[in-house]
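The values are calculated or read from the model by the stated rules, or taken from the named source; none is laboratory data. All figures in this text were calculated on a predicted structure; none of them were measured in a lab. All Cβ positions, glycine included, derive from the backbone under ideal geometry; neighbour counts span all protein chains shown. Side chains included, ligands, DNA and RNA excluded: accessible areas come from the protein's heavy atoms. Shrake-Rupley method; radii C 1.70, N 1.55, O 1.52, S 1.80 Å.
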Amino acid sequence: MNGRATDLVVVGAGPAGAAAAMQAAALGVRTVLLEDEAAAGGQVYRAPATTRDMARSPERRQGDALRAALAGSSVQVEHGQKVWSVSGQYRVDVLGPQGPGHWQAPALIVATGALERVVPFPGWTLPGVVGLAAATILLKAHGMAPGERTLVAGAGPLLAAVAVGIVKAGGKVAAVVDLATPGEWAACLPAMAGRPDLLARGAGWLARLRLAGVPILTGHALAAVAATPDGLRATVQPVDSLGRPIPGGAATSFEVDAVAVGHGLIPSTDVTRLLRVEHWFDPASVTWRPALDAGFRTTRAGVYVAGDGGGVLGVAAAGLQGRLAGLAVALDLGRLSQVQHDARAEKLRRKLARAARFGAAMARMMAPRPGQFAAIPADAIVCRCEDVTRAEIEEAAAEGACEVNQLKAWTRCGMGPCQGRVCGDTAAALLAQFHASDRETTGLFTGRTPLRPLPLDQLTGEYGYADITLPPPAPL
Amino acid sequence: MTEAFDVAVVGAGVMGATTALHLARAGMRTALIDRGAICREASGVNAGTLTLHMTRAVLIPYAIRGRQLWLDAPDWLGMDAGARATPGLSVAFTPAERDMLEHRAAARRAEGAPIELVTPAQARAIEPGLNGDIIAAAHCALDGHVTAYLTGRAYRRALVAAGATLMEQHPVAGIDRAGGQFAIRVAGQPAVRARRLVLAGGVWLEAMLGWLGLHVPVKCLINQLVVTERMRPVMRSVLGIANGLLSLKQFENGTVLIGGGWQGIGDPARGGVEAIPDNLIGNVRLARAAIPALAEGRVARIWLGLESETADALPMIGPLPGIGDAYVIGCVHSGYTSGPFMGKLLADHILDREPELPLFDPARLVQPQRAATLEKTP
Amino acid sequence: MPQRVDFSFDGVPLTGWAGDNLAAALMQAGTRRLRDSPRAGQARGAFCLMGSCQECIVWVDGARREACRTTLHAGMAIRSGTIADVAV
Ligand SMILES: Cc1cc2nc3c(=O)[nH]c(=O)nc-3n(C[C@H](O)[C@H](O)[C@H](O)COP(=O)(O)OP(=O)(O)OC[C@H]3O[C@@H](n4cnc5c(N)ncnc54)[C@H](O)[C@@H]3O)c2cc1C
Ligand SMILES: Cc1cc2nc3c(=O)[nH]c(=O)nc-3n(C[C@H](O)[C@H](O)[C@H](O)COP(=O)(O)OP(=O)(O)OC[C@H]3O[C@@H](n4cnc5c(N)ncnc54)[C@H](O)[C@@H]3O)c2cc1C
Ligand code: FES
């Protein structure tokens, strides 16, 4: 596969990317949709991996509808294609089952979704401790719970979703441990009022958990997980509204074999950082987001971002953003007049405003609390790839590292195969806390290729020495 | 107004940091100013190869001394920046490369590099990971590598201990002369005053010299580097190819660094912004041709660094013509290797000590035209 | 039709559903420790399941792959992704 040209490349076939691609294609834009997974759907509408009989949730139905719509559209969907580089204006390099290849298009929509934030605690690296997002993947794609008896902990709406999913899959939930208090959830009600369907669903989840006898500890945090001869011991403790342990608060332990834990979602900015577009730090969600206009254009001509990659606002918003980005591409490529564009965009924008209100309330519930970072013990690992501890990070900070890229050079924090996707947020928060500076000062890891590690055998393929195109020799 | 510094060094790469360190240790009140953090440009992102196989022949005496300084860093710098001595090999896969190998080895040997031709079998005894397809090889006992990303940490500790004033995140916007002093203008900060000035701005030297009315063209190379994730030990030498398009080594932590001067996209204004996928694939294919076991590794990261070069590809190190008490240091090929020595040379000159080897007079490079204006600053 | 297939991890015979990803298949088969971390030598297992964290790296028929991004086939010989003999 070599350098095929098209009008638009969309990276990521979640609800945002799929909607963007279908919208643009429907207006005559030749569109290629690249997806790493074997099927479209993204996080929420993830397709099951096997033909095993699995519960048919609303997401599964919506996902099947989305996949059917894509199949019936003129979008060229390419599965199993890992995008590892974006360069030029715009060359998109992929690694797929057939080896490396690339696409060329004047317009690029980045719809690569979100990553999960997990604020470190002792034992978070133990096998059996997984992210909440990972737990949803196990449930949706494989119909399995992460263990026989799972503690579900962290923040945000995924907590209840995962706990209920585990119960439905026949697993046991030892407890749900939520940083937020019922009062904080109640404060979201006005923003949630626009989505009575989701409110009802949330209420149903709670009822289901009560019925299953699952203890729900609100205003609590997971303090530590330790390995025991038969599994894991998870210790939880009460915390205040800033996430700080309450002095004298009674700790409770649970014997489990799995822990699912997550502290919210953060936009995946691998591609936008690589492309050096402008980003801004959003204090409400405590995340970095690419700067976008109403058509989801970045500060770089021809590059658009739709869905969680621009800010995590939920699945409904992601689909609407995708359609708006698709319309903007059609306008910018001359397939739509401004008047035609505005007529269509108007309605979508009103719907998006409603969806975003709900999404923003959820994002606030998922925002980390300063006490969570402060509570990380000195010897806890922050960078999992390179085993870098909080103490090592603060030692480098004391020697003058004020910004994450210098920190990385001095400690290898963020230098491993995940390239800081897991530790970057915590490292930046710790640096800011240490120097009493802010996240603008501590900055972002510089984005580079490859977007995911590239197996050398696949990248180089089979070749002879004569097949290598050599530049002129270096001077003597 | 605060008292003027004895010397201000602008640019905290290895050249500026070494010069500043020796001046501070000699008792001068020294300011080291950088627009970013210390050693985050070429000096923090380079390949850290201490090889003589790729060094410009006339710079070999300097490189040999610089290499030794890196290996002795715990003694004079106070921290091990990961410098390790290893054997160095340069190999040839084709008859044309063999001819080049022999010619280049002879030229470098003439300048004092202990490079000798060895048989492919001898080369494989030195480097068991080497591909059996090579047809010729040259061996140099003096080779090795440094962990370049630790450079800033090591120098920063030493500079703080020596009492130098480190001004990071201080982008210099221009320089005025007033009352026998240099007033170094920094955006958003009061000017820094100093009696002497050292410009050590790497690829930004053209703009910096322009501040003083000197026009010296500086070419900017955009060098690509590729690193694998940690892997089992697959090699133990520093390995290159006769044409100079490969530099390969494995660090103690298991990562393998692949370089060789393949180019990416960038410029002094934007930095190294974009790798060229075909250049990545070419560079990595060359590496795998040399060490076949690399096939089992994964590329973790590709980046680009900016390297400077003068019109005659030789360094500029010495006093600036027509401007008293102002000096420049930079544009040194394989400048990381020789950096600790080059900075000491300039410091010795400034301190009126006899430098061990000759400097590189910048006057030869000054063009007659009026300098670039301040607007051209990065 | 869903199919149970044989595979192995570090020589231990296991069975799983063809079509599952290796991370899920190993988890279901009770194998959680997929590798040791290179510096601290700590046991690690799948964490994100979306190809991001790189904790699930294993050797699959001699190639280094993400377990959560690789589909199970009959007869696969999987080895732990631990890297031996490297310094901190
Ligand atoms: C586990 C999880 C559960 C969630 N549950 C809900 C929910 O119930 N309700 C809700 O409103 N919101 C939920 N969210 C938020 C949710 O992610 C979004 O609202 C929605 O899925 C965002 O859609 P998206 O298209 O932006 O991203 P995603 O759905 O994440 O899709 C991104 C796609 O891009 C692909 N991709 C990424 N990088 C590359 C690459 N380099 N090469 C090729 N392909 C790539 C991914 O494989 C993925 O398919 C959840 C998020 C997560 C992580
Ligand atoms: C990718 C790459 C690989 C290399 N590999 C090797 C190798 O293996 N072996 C070897 O010997 N050499 C190597 N080199 C060469 C070597 O890195 C350089 O010769 C050396 O680091 C140059 O040091 P320097 O101090 O002159 O420049 P730099 O390290 O670039 O320092 C210049 C400093 O000036 C600062 N500056 C710029 N403008 C301003 C301003 N307006 N105000 C204040 N400060 C400013 C910059 O921020 C920077 O810190 C390599 C170079 C590159 C780019
Ligand atoms: S579990 Fe994170 S990459 Fe596989």
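Which three extents, in whole angstrom, do the alpha-carbon atoms of chain B cover along their principal axes, largest first?
67, 42, 41
Could you sort A:Thr446, A:Thr299, A:Thr469 by accessible area so the largest value comes first, with the probe set to 1.4 Å? Kindly include the intermediate steps, with their values, before the conclusion.
Values: A:Thr446 50, A:Thr299 80, A:Thr469 115 Å².
Final ranking, largest accessible area leading: A:Thr469, A:Thr299, A:Thr446.
Pop out the ³J(HN,Hα) list for the range B:49-64 in order, Karplus 6.51 cos²θ - 1.76 cosθ + 1.60 with θ = phi - 60°, rounded to Hz; leave Gly and Pro as x.
Rounded to whole hertz, the list is 7, 9, 7, 9, 4, 10, 7, 3, 3, 5, 8, 4, x, 6, 5, 4.
Calculate one ³J(HN,Hα) per residue across the range A:395-409 by plugging θ = phi - 60° into the Karplus curve 6.51 cos²θ - 1.76 cosθ + 1.60, and present them in order as whole Hz with x for glycine and proline.
Whole-Hz 3J(HN,Hα) from phi for the range A:395-409: 5, 5, 4, 5, 7, x, 7, 10, 9, 5, 6, 5, 4, 4, 4.
For the range A:61-152, which semi-axes, largest first and in whole Å, follow from the square roots of 5 times the eigenvalues of its Cα gyration tensor?
Largest first, the range A:61-152 gives 33, 20, 12 Å.
Taking the dipole about the Cα centre of the protein assembly as shown, with the C-beta of Lys and Arg at +1 and of Asp and Glu at -1, give me whichever of A:Ala71, B:Asn253, A:Ser87 is farthest to the positive side.
Comparing the listed Cα positions along the dipole, A:Ala71 ranks first.
What accessible area per residue, rounded to a whole number of Å², is obtained for chain A using a probe radius of 1.4 Å? Let's see the in-between values first.
Values: 17370 Å² over 476 residues.
That works out to 36 Å² per residue.
Can you show me the helix-derived [θ] at 222 nm for the protein assembly as shown, built from DSSP H runs with n ≥ 4 at -39,500 (n - 2.57) apiece and divided by the number of residues, rounded to the nearest 500. All intermediate terms of the calculation are to be shown ahead of the outcome.
On the way: 27 runs with 279 residues, N = 942.
About -9000 deg cm²/dmol.
Could you work out how far helix A:15-26 tilts from the main Cα principal axis of chain A, as a 0 to 90 degree angle to the nearest 10?
In chain A, helix A:15-26 runs at an angle near 20 degrees to the longest axis.
Roll a 1.4 angstrom probe over the protein heavy atoms and tell me the percent of accessible area of chain C that is carbon or sulfur.
51 percent
When the accessible area of the range B:203-297 is computed with all protein chains present and a 1.4 Å probe, what percentage of it is carbon and sulfur?
Its accessible area is 55 percent carbon and sulfur atoms.
Is the shape of the range B:21-69 best called rounded, prolate or oblate, per the rule: a/c under 1.5 gives rounded, else a/b larger than b/c gives prolate, else oblate, with a ≥ b ≥ c the square roots of the Cα gyration tensor eigenvalues?
It comes out oblate by the Cα gyration axes.
Stick to Cα atoms and the Kirkwood definition of Rh, then tell me Rg/Rh for the range C:4-86.
Numbers: Rg = 11.7 Å, Rh = 12.5 Å.
We get a ratio of 0.94 for the range C:4-86.
With a 1.4 Å probe and every protein chain left in place, work out the accessible area per residue of chain B in Å², rounded to a whole number.
34 Å²
Name the residues of the range A:410-450 whose accessible area, probed at 1.4 Å, falls by at least 50 Å² once all protein chains are in place instead of their chain on its own?
With the partner chains in place, the range A:410-450 has these residues losing at least 50 Å²: A:Trp410, A:Arg412, A:Pro417, A:Gln419, A:Arg448, A:Thr449.
Say R0 is 51 Å: what FRET efficiency, to the nearest 0.05, do A:Leu211 and B:Gln189 get from their beta-carbon distance?
Working from the Cβ atoms, E equals 0.20.
Return the distance in nm (one decimal) between the two label points of a simple spin-label model at C:Arg4 and A:Ala436, each offset 7 Å from Cα along Cα→Cβ.
If labels sit at C:Arg4 and A:Ala436, their model points lie 6.4 nm apart.
Leaving ligands, DNA and RNA out of it, work out the accessible area of C:Trp59 with a 1.4 Å probe and give it in Å² to the nearest 10.
30 Å²
Any idea of the total accessible area buried by the B-C contact, 1.4 Å probe, rounded to 100 Å²?
900 Å²
In whole Hz, with x marking every Gly and Pro, tabulate ³J(HN,Hα) for the range B:136-147 from phi via Karplus 6.51 cos²θ - 1.76 cosθ + 1.60, θ = phi - 60°.
Using θ = phi - 60°, the values come out as 7, 7, 10, 10, 10, 6, 9, 8, x, 8, 10, 8 Hz.
Using the alpha-carbon atoms, what tilt in degrees (0 to 90, nearest 10) does helix A:338-366 show relative to the longest principal axis of chain A?
Its long axis makes an angle of about 20 degrees.
Calculate the dipole size of the range C:4-86 relative to its Cα centre from +1 charges on Lys and Arg beta carbons and -1 charges on Asp and Glu beta carbons; express the result in debye to the nearest 20.
Once rounded to the nearest 20, the dipole reads 160 debye.
For the interface of chains C and A, what total accessible area is buried with a 1.4 Å probe, rounded to the nearest 100 Å²?
That pair hides around 3100 Å² of surface in total.
What are the residues of the range C:1-46 that lose 40 Å² or more of accessible area, with a 1.4 Å probe, going from their chain alone to all protein chains?
Buried by 40 Å² or more upon assembly, which counts only protein chains, are C:Pro2, C:Asp20, C:Met27, C:Gln28, C:Arg32, C:Pro38, C:Arg39, C:Arg44.
Counting only protein heavy atoms and rolling a 1.4 Å probe, how much accessible area do B and A lose on contact, total for both sides, in Å² to 100?
About 4500 Å² of accessible surface is lost on pairing.
What number comes out for accessible area per residue over the range C:4-86 if the probe is 1.4 Å? Units Å², please.
36 Å²
Any idea what the relative contact order of chain A is, in percent, if you count C-alpha pairs under 8 Å spaced at least 6 apart?
17 percent
Of A:Lys82/B:Lys219; A:Lys172/A:Lys408; A:Lys82/A:Lys140; B:Lys219/B:Lys344, which ones are farther than 32 Å apart at the Cα?
With Cα atoms farther than 32 Å apart: A:Lys82/B:Lys219; A:Lys172/A:Lys408.
Given the convex hull of the Cα atoms of the protein assembly as shown, what is a quarter of its surface area in nm²?
39.9 nm²
Taking a 1.4 Å probe, which of A:Ser337, B:Ser338, A:Ser74 shows the most accessible area, and what order do the others take after it?
A:Ser74, A:Ser337, B:Ser338
Any chance you could give the angle, 0 to 90 degrees and rounded to 10, that helix B:335-350 forms with the longest Cα principal axis of chain B?
30 degrees
Carbon and sulfur atoms: what percent of the 1.4 Å accessible area of chain A do they account for?
The value for chain A is 57 percent carbon and sulfur by accessible area.
Over chain A, how many percent of alpha carbon pairs lie in each 10 Å bin up to the one with the longest distance?
Cα pair-distance distribution for chain A, in percent: 4, 19, 29, 27, 16, 4, 1, 0.
Pull up all non-local amide H partners of A:Arg244: gap of 5 or more, or a different chain, and H-to-H distance under 5 Å with H placed in the peptide plane.
Placed amide hydrogens put A:Gly371 under 5 Å from A:Arg244.
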